[in-house]
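Read the structure below first, then the notes.
The values are calculated or read from the model by the stated rules, or taken from the named source; none is laboratory data. Remember, predicted model here, so these are calculated numbers, not experimental data. We place every Cβ from the backbone using ideal geometry, glycine too, and count neighbours over all the protein chains shown.
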Amino acid sequence: MSDRDTRHKQSMQKLKSHVDKKVAAATEQRGLLLVFTGNGKGKTTAAWGTVTRALGYGYRVGVVQFIKGMWECGERERLAEDPNLEVAIMATGFTWETQNREADTRACQAVWAEAERMLADPEVYLVVLDEITYMLKFGYLDIATVKRAIEQRPREQTVIVTGRNAHRELTAMADTVTEMQEVRHAFNEGVQARRGIDY
Ligand code: ATP
Ligand code: MG
């Protein structure tokens, strides 16, 4: 064996023992709370990717979209055919378009009721609360209510929260927190959001 091969073998052995130790240490089995936050692109995309993953195993999934935003959503179009997926959408436009606090609060509370039902259902394996961080920021929902529902969910259920500026109490209780960091975004260079890519 050449020197290079020997060094490679040694470093792989080291890596294997490191990975094996970590795998052996992870013994707990339960649902998780994941937070995808930060200013970079990819939060909602990652959530839908995980939805697809769960549906792939035949699990039931609930997605709650707190900002209707761009009405179209390619993943929703594609996955809607799956009887294991339930999607609840807040019945209002962009909050900066409606500019009506009372109407937005009502719309938010109505869709939150759907979220609460999903969060209480042990048959639902994964619940996505897409863009819920803004509801907390605008005061349409209070953090204590959201925390309680997440804390009291069935043990096997996983929850994904997406949106910028996640409430610190949410990130504090999360098992996994990923902050998407914006390095550059085409939109800021004047390129339009692209169908099938951005939504
Ligand atoms: P995506 O839905 O693409 O995963 P996201 O959920 O991380 O993005 P949001 O803040 O929810 O980001 O933005 C929703 C829309 O704005 C999407 O069309 C997305 O491509 C676009 N977007 C995301 N990040 C940025 C950014 N930093 N600047 C401008 N537009 C962005
Ligand atoms: Mg998003």
### Query
When region 29-45 is examined, which residues are found to be surrounded by fewer than 21 Cβ atoms within 10 Å (Cβ to Cβ) and among the aliphatic types (A, V, I, L, M)?
LEU32, LEU33, LEU34
### Task
Could you identify the single residue in ALA193, ALA186, ALA144 that is out of contact with any His (no Cβ under 8 Å at 6 or more places or on another chain), more than 10 Å from ligand 1 (Cβ to nearest atom) and either modelled with pLDDT of 95 or more or not charged (D, E, K, R) (or both)?
ALA144
## Note on the structure
Restricting region 168-189 to residues that are away from ligand 2 (no atom under 16 Å from the Cβ) and farther than 16 Å from LYS41 by Cβ, the one surrounded by the most Cβ atoms within 10 Å (Cβ to Cβ) turns out to be ALA174
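For residues that are of a type in the set (D, E, K, R) and assigned to a helix (DSSP H, G or I), tally how many sit in region 138-191. Walk me through how you get there before you give the answer.
Residues of region 138-191 of a type in the set (D, E, K, R): 142, 147-148, 151, 153, 155-156, 164, 168-169, 175, 179, 182, 184, 189.
Within this subset, residues satisfying the condition of being assigned to a helix (DSSP H, G or I) are 147-148, 151, 168-169, 189.
Qualifying residue count for the region: 6.
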### Task
Give me a count of the residues in region 46-78 that are buried (at least 18 other Cβ atoms within 10 Å of the Cβ), under 15 Å from VAL127 (Cα atoms) and within 16 Å of ligand 1 (Cβ to nearest atom).
7
#### Entry: Where a residue in region 134-159 is over 15 Å from PRO122 (Cβ atoms) and its partner, wherever it lies, is loosely packed, with under 14 Cβ neighbours inside 10 Å and acidic (Asp, Glu), with Cβ under 7 Å and at least six apart
ILE143/GLU169; LYS147/GLU169
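Only one of THR162, THR171 is in contact with a helix residue (DSSP H, G or I) (Cβ under 8 Å, 6 or more places away or on another chain), at pLDDT 95 or above and not aromatic (Phe, Trp, Tyr); which?
THR162 is the lone residue from the list that is in contact with a helix residue (DSSP H, G or I) (Cβ under 8 Å, 6 or more places away or on another chain), at pLDDT 95 or above and not aromatic (Phe, Trp, Tyr).
Every residue, every condition in (1) more than 13 Å from the chain's Cα centre (by Cα); (2) touching a residue at least 60 places away in the same chain (Cβ under 8 Å), yes or no:
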residue: GLY40; (1), (2): yes, yes
residue: LYS43; (1), (2): no, yes
residue: TYR57; (1), (2): yes, no
residue: VAL64; (1), (2): no, yes
residue: ILE67; (1), (2): yes, yes
